[in-house]
Amino acid sequence: MEQKIIPAEWQSEFNVNIAFIDEQHQYFFKVLKSLQGIIKSRSCQDNISDIFFSMVHYADHYLIQEELYFMGLKYSGFKEHHLKHDIFVEGIINLKNDYAMGRNDVCKTLLSFMTDYFHEHILGYDLAAVDYLKSAGIKE
């Protein structure tokens with residue numbers, strides 16, 4: 001499988017121009033870059049709990065808010081979107097459990113998992129969903 005590249009910094013073309021979604025995407029990107037940095041500094045084992053905490057915050061604050069909008073606006077793709085969020089959260093929980101059991105490769109696996117989610121969900125799948133929000137009248 002091709003390894004996806006993490007951009008050096010947030011690009012304006014990543015914005016969807018709905019403030020709360022851009023905020024959540026930028027938060028995720030910041031955490032992703034932080035994980036990349038702690039792996040490079042070889043301090044992941046000491047700092048990975050901060051990454052897991054940040055992903056719980058992301059799920060509790062951002063994913064739920066997004067889903068409430070989609071549900072309230074009767075987005076036809078809501079079930080699939082919700083399922084993709086559930087798969088992401090389950091993956092984070094599984095990696096946290098792997099870390100708790102002492103697996104040594106969790107940091108790099110987490111980086112790969114989050115990078116894939118960034119490219120496939122945030123930069124890919126979310127765009128169609130955001131188009132629906134905009135057509136339903138949600139503005140920045």
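Read-outs throughout are calculated quantities, based only on the coordinates presented, and are distinct from any laboratory measurement. These numbers come from a predicted model, not from an experiment. Note: ideal-geometry Cβ built from the backbone for every residue, glycine included; neighbour counts use all protein chains shown.
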ask   = Does segment 102-111 hold any residues that are part of a helix (DSSP H, G or I) and either surrounded by fewer than 14 Cβ atoms within 10 Å (Cβ to Cβ) or without any contact (Cβ under 8 Å) to a residue 40 or more places away in the chain (or both), and which are they?
value = Lys108, Thr109
task = Please work out which one of (1) surrounded by fewer than 12 Cβ atoms within 10 Å (Cβ to Cβ); (2) in contact with a helix residue (DSSP H, G or I) (Cβ under 8 Å, 6 or more places away or on another chain) is the condition Ala129 fails and give its number.
result = (1)
ask   = Does any residue in segment 52-64 that is on the phi < 0 side of the Ramachandran plot come within less than 9 Å, Cβ to Cβ, of a residue that is surrounded by 18 or more Cβ atoms within 10 Å (Cβ to Cβ) and of a type in the set (Phe, Trp, Tyr) six or more places away or on a different chain, and which pairs are these?
value = Phe52/Tyr99; Ser54/Phe28; Met55/Phe28; Met55/Phe88; Tyr58/Phe28; Ala59/Phe88; Tyr62/Phe28; Leu63/Phe88
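From the list Tyr99, Tyr125, which residue is aromatic (Phe, Trp, Tyr), within 20 Å of Ala19 (Cα to Cα) and not in a loop (DSSP other than H, G, I, E, B)? Break it down into steps so the answer makes sense when it comes.
On the way: Tyr99 fails: within 20 Å of Ala19 (Cα to Cα).
Result: Tyr125 is the single residue among Tyr99, Tyr125 that is aromatic (Phe, Trp, Tyr), within 20 Å of Ala19 (Cα to Cα) and not in a loop (DSSP other than H, G, I, E, B).
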ask   = Which members of segment 110-136 meet the condition of being β-branched (Val, Ile, Thr) and within 12 Å of the chain's Cα centre (by Cα)?
value = Thr115, Ile122
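Return the only residue of Ile21, Ile92, Ile6 being assigned to a loop (DSSP other than H, G, I, E, B), closer than 21 Å to Tyr125 by Cβ, touching a residue at least 40 places away in the same chain (Cβ under 8 Å) and not basic (Lys, Arg). Spell out the reasoning first.
On the way: Ile21 fails: assigned to a loop (DSSP other than H, G, I, E, B); Ile92 fails: assigned to a loop (DSSP other than H, G, I, E, B).
Step by step, each of Ile21, Ile92, Ile6 is checked, and only Ile6 is assigned to a loop (DSSP other than H, G, I, E, B), closer than 21 Å to Tyr125 by Cβ, touching a residue at least 40 places away in the same chain (Cβ under 8 Å) and not basic (Lys, Arg).
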